[in-house]
Amino acid sequence: MFSYSKVTCFERCPLAYKLAYIDKVKQTVTSALIRGSKTHKVFENLENIEDYFGTEGYEIAKNFLETEVGKSHLNEIKSALKEHKFGIKKENNVLVPCKYNDENALFHGIIDLLNGNHILDYKTGSAKSFENQDWSQLTWYAIWLFLNSDFEEIKITYMYVEHNVENSKILKRSELPMYMFDMLSRIKAVKDFENNPTDEFKKSWLCSWCTCKEHCSHYSDPEKLTNFEVKF
């Protein structure tokens with residue numbers, strides 16, 4: 001069973017994927033992951049937000065809800081379905097929706113907010129511009145919604161809660177085959193790797209945030225992490 005985070009872990013660095021999901025080494029919980037988790041928890045429980053007073057998550061959520069972006073989504077945040085779990089599986093070579101923990105699920109995920117044909121996702125950390133936004137995660141989530149509804153269009157929105165920034169895009173049912181091809185081809189690449197794993201290492205500025213860095217010989221040798229290319 002695959003998630004978006006598993007697929008992107010492989011794409012960032014096959015060695016990190018091997019360590020995390022094949023060798024199953026003990027991973028380090030980073031401060032960024034903790035902050036994101038705490039913030040999501042507060043948004044899940046806005047009706048009891050004062051229970052989180054004094055926490056980092058409380059400050060981030062409260063500040064966001066006082067911004068233009070936060071105010072514009074407040075009613076939607078309150079009424080939307082929160083933390084909706086879903087799965088997608090193949091039956092007779094056709095993708096169909098299924099439960100999150102279905103043993104035959106090919107892909108699964110958790111939607112932060114689902115309001116009709118609108119999928120929204122909270123993001124902590126650095127904000128992306130519209131031009132540099134990676135739309136893959138919510139596009140893959142939208143595949144499930146297309147399969148589970150008769151919507152002709154689905155809106156996806158990333159809300160960067162620490163920066164008063166949001167990026168939105170409209171997805172069309174007519175382009176569903178393209179969305180499915182992207183997801184399936186990228187998952188296949190990971191499955192192929194699992195059948196023949198290697199220690200291929202990809203260095204990047206994300207190495208410092210890797211949850212497997214304590215088990216990576218490249219990270220322990222700073223000389224190997226110099227002069228990497230950063231693409232914008």
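Read-outs: derived from the displayed coordinates by stated rules, not from any lab. The structure presented is a predicted model; accordingly, all values stated were derived computationally and were not measured. Cβ coordinates were reconstructed from backbone atoms using ideal geometry, including for glycine residues, and neighbour counts include every protein chain displayed.
Figures for the structure shown
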read-out: Residue-by-residue Karplus 3J(HN,Hα) for segment 64-79, coefficients 6.51, -1.76, 1.60, Hz, glycine and proline x; value: 5, 5, 9, 8, 4, 5, x, 5, 5, 10, 4, 5, 5, 4, 5, 9
read-out: Protection-proxy order for peptides 104-111, 138-145, 175-182, each taking the mean of Cβ atoms within 10 Å per residue, highest first; value: 138-145, 104-111, 175-182
read-out: Sequence-distant residues sharing a close amide H with Phe2 (under 5 Å, placed H); value: Phe107, His108
read-out: Equivalent ellipsoid semi-axes - Cα gyration tensor, segment 64-112, angstrom; value: 33, 9, 8
read-out: 3J(HN,Hα) from dihedral phi, segment 103-117, Karplus parametrisation 6.51/-1.76/1.60, rounded to Hz, x for glycine, proline; value: 5, 9, 4, 8, 9, 9, x, 10, 8, 4, 9, 10, 10, x, 9
read-out: The chain: calculated mean residue ellipticity at 222 nm from DSSP helix runs of at least 4, using -39500 (n - 2.57); value: -11000 deg cm²/dmol
read-out: Whole-number D in µm² s⁻¹ for segment 159-205, Kirkwood Cα-pair radius fed into Stokes-Einstein, 37 °C, 0.692 mPa s; value: 228 µm²/s
read-out: Residue order, fewest to most surrounding Cβ atoms within 10 angstrom, among Thr124, Thr8; value: Thr8, Thr124
read-out: Cα gyration tensor shape for segment 1-122, rounded if a/c is under 1.5, else prolate or oblate; value: oblate
read-out: Globularity index of segment 1-57, i.e. its alpha-carbon radius of gyration over 2.2 N^0.38 Å; value: 1.51
read-out: Cα-Cα separations in segment 4-225 greater than 31 Å, expressed as whole percent; value: 28 percent
